[in-house]
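The values are calculated or read from the model by the stated rules, or taken from the named source; none is laboratory data. What you see is a predicted model; the values in this text were computed from it and never measured. Glycine gets a Cβ as well: all are built from the backbone with ideal geometry, and neighbour counts include every protein chain shown. Just the protein is used for accessible areas: all its heavy atoms, side chains included, with ligands, DNA and RNA removed. Shrake-Rupley method; radii C 1.70, N 1.55, O 1.52, S 1.80 Å.
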Amino acid sequence: MKVLQLITSTRSFFEGQVEALEARGVECTVVDAPGAYSADSPRTVTDYLKYQPKVLRELRREEYDLVHANYGLVGPFALAQPVRPVVLTLWGTDLMSEMAWLRAASEWSARLADAVVVPSPAMSRALDVEHVEIPFGIDTDRFRPAPRQEARERIGWDPEGAVALFPYDSARPEKDYARAERIVRRAGVDVELREVTGVPHEEMPDYMNASDVLLVTSVREAGPMVVKEAAACGLPIVSTDVGFVRETVGGLDTCTVARSDSGLVAGLEAAVESDARPDGRAGIDGLSTDAMGEKLLELYERLCDEPEPRADRRAG
């Protein structure tokens, strides 16, 4: 089976998705949108005008069984070709965006796609279109518990002192770094808040294993994937009630999900004062990249076997 994967920009969970599918014999070709992207400098309209010819050239070059649009913004580019089944995976910041036009484009694409995938129950509740829920997977071989002192030695951290890991750029307003600083100041324990950003994804397990607690104070999140990765490393988690945190890892004994400052402070104090770490596999059953790849393959095979996919109806 050959699948054309369309993206705006890559993410670690998407790369894991491709690896898991290719391990199951699916040939994936990834076509990303032209132009450079950053949170401060998004792509331009001109960049996306160049994207459709790029997609069509690839479709003429190879015979693909299916087109998989990964993110609501690239859904229309997948749907512009009428002859192959289209899978749309919504990532969260599309369907639940503050920008009305992006939400509208995502919902329109979802209504025309042959199959729609969402990664969390929160997104499932937000989408009034038939869909399947397939959680984004994590690499459970990479994200696993390791001795704290060894991890600190590898990344050059002081072996002494408790660390609360803030795994985001503090300049991003939705991450609310000021609240994280306030929570740490109010806590009745000696703990250092450390911002970690721009680190290669493959090095993040060392930073998680070197820390004493993950602190998430975000105002909004589509995920965040970092809480799954922290749980897989056995790192206690203190988080605001955003995204899929409560539904995914909120049941762990060493995970605190709270809306108030006092609740976050209490969770931080408990995490630092306790030397116990959660089971490195607790709460992540079925969330590996392998599980994600298996479910996507089943979906692909079902669509390709349908006698009259929605793509044919679009052509008509």
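Of note:
- Residue 132 open to solvent by less than 70 Å² (accessible area, probe 1.4 Å), among the β-branched types (Val, Ile, Thr) and in contact (Cβ under 8 Å) with a residue 40 or more places away in the chain: yes
- Of residues in the range 264-274 being farther than 12 Å from residue 217 by Cβ and modelled with pLDDT of 90 or more, the one most open to solvent (accessible area, probe 1.4 Å): 273
- Candidate set: the range 18-33, residues that are touching a residue at least 40 places away in the same chain (Cβ under 8 Å) and out of contact with any helix residue (DSSP H, G or I) (no Cβ under 6 Å at 6 or more places or on another chain); chosen: the one surrounded by the fewest Cβ atoms within 10 Å (Cβ to Cβ): 23
- Tally, over the range 146-181, of residues that are under 22 Å from the mean Cα position of the chain (by Cα) and open to solvent by 70 Å² or more (accessible area, probe 1.4 Å): 3
- Residue 96 being under 25 Å from residue 250 (Cβ atoms) and open to solvent by 10 Å² or more (accessible area, probe 1.4 Å): yes
- Hey, residue 57 among the basic types (Lys, Arg) and either more than 24 Å from the chain's Cα centre (by Cα) or not in a helix (DSSP H, G or I) (or both) or not: yes
- Members of the range 232-262 that are over 17 Å from the mean Cα position of the chain (by Cα), open to solvent by 20 Å² or more (accessible area, probe 1.4 Å) and touching a residue at least 40 places away in the same chain (Cβ under 8 Å): 261
- Single residue of the range 1-32 satisfying the filter (at pLDDT 90 or above and part of a loop (DSSP other than H, G, I, E, B)) that is nearest to residue 301 (Cα to Cα): 1
- Qualifying residue in the range 53-68 (condition: in contact with a His (Cβ under 9 Å, 6 or more places away or on another chain) and without any contact (Cβ under 8 Å) to a residue 60 or more places away in the chain): no
- For the range 210-231, filtering for residues that are in contact with a Gly (Cβ under 6 Å, 6 or more places away or on another chain) and touching a residue at least 60 places away in the same chain (Cβ under 8 Å) leaves 3.
- Residues of the range 151-167 satisfying the condition of being in contact (Cβ under 8 Å) with a residue 40 or more places away in the chain and not hydrophobic (A, V, I, L, M, F, W, C): 152, 154, 167
- The residue that is modelled with the highest pLDDT, counting only those in the range 34-73 that are farther than 28 Å from residue 170 by Cβ, touching a helix residue (DSSP H, G or I) at 6+ places or on another chain (Cβ under 6 Å) and open to solvent by 30 Å² or more (accessible area, probe 1.4 Å), is 65.
- Selected residue (only one of 196, 184 is without any contact (Cβ under 8 Å) to a residue 40 or more places away in the chain, out of contact with any His (no Cβ under 7 Å at 6 or more places or on another chain) and surrounded by 12 or more Cβ atoms within 10 Å (Cβ to Cβ)): 196
- Residues of the range 292-316 that are at pLDDT below 90 and open to solvent by less than 50 Å² (accessible area, probe 1.4 Å): 309, 311.
- Residue match in the range 74-85 (condition: surrounded by fewer than 17 Cβ atoms within 10 Å (Cβ to Cβ) and under 18 Å from residue 17 (Cβ atoms)): no
- Of all residues in the range 131-156, those satisfying the criterion of being touching a strand residue (DSSP E or B) at 6+ places or on another chain (Cβ under 7 Å) and either modelled with pLDDT of 95 or more or of a type outside the set (Gly, Ala, Ser) (or both) are 131, 132, 133, 134, 138, 140.
- Helices (runs of 4 or more DSSP H) enclosed by the range 67-175 - at least 3 residues per element that are hydrophobic (A, V, I, L, M, F, W, C): 75-79, 100-112, 121-126
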